[in-house]
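Here the structure comes first, spelled out in structure tokens, and everything after it is commentary.
We did not get these values from a lab; they are worked out from the coordinates using the rules stated. The structure presented is a predicted model; accordingly, all values stated were derived computationally and were not measured. Positions of Cβ are generated from backbone atoms using ideal geometry, with glycine treated the same way; all protein chains shown enter the neighbour counts.
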């Protein structure tokens, strides 16, 4: 499984928005200038993010975008699934009737892998990314 630029850039844009004061709107232009992500690409990413309720957009001079929920209520899994679609490593996991399901030697491996990936990304929130970012440059000094 490989996360595309859609997933990576969506996480980065949402992290940028979550670092702003709560309720502060920002435009895709400002996010683009701050992150180096193309404004046009951000607009495309925000379409599925808005549909999923992860991002809210408002028009007008005071408009822009804000996270759709509190950062501790938005998981990395929510974001990735909104823009990437299914994160299943192989198609047969989601197929309810597989002709070789009972004799397939590798299906259980793929199911376990998918479950572990899901558990990990669903346990990480946007708030966790904010805290990790804020402590990234802090160095502990011991005497």
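Values for this structure:
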| quantity | calculated |
| --- | --- |
| Two-site FRET efficiency, residue 38 against residue 92, from Cβ-Cβ distance with R₀ of 35 Å, rounded to 0.05 | 0.50 |
| Computed [θ] at 222 nm, deg cm²/dmol, the chain (DSSP H ≥ 4; -39,500 (n - 2.57); rounded to nearest 500) | -15500 deg cm²/dmol |
| For 81, 101, order by how many other beta-carbon atoms lie within 10 Å, fewest first | 101, 81 |
| Fewest-first ranking of 136, 17, using other Cβ atoms within 10 Å as the exposure measure | 136, 17 |
| Between segment 84-124 and segment 8-44, the alpha-carbon center distance in angstrom | 32 |
| Helix axis angle, 5-19 relative to the chain longest principal axis, alpha carbon, degrees | 40 |
| Residue order, fewest to most beta carbons within 10 Å, for 6, 22 | 22, 6 |
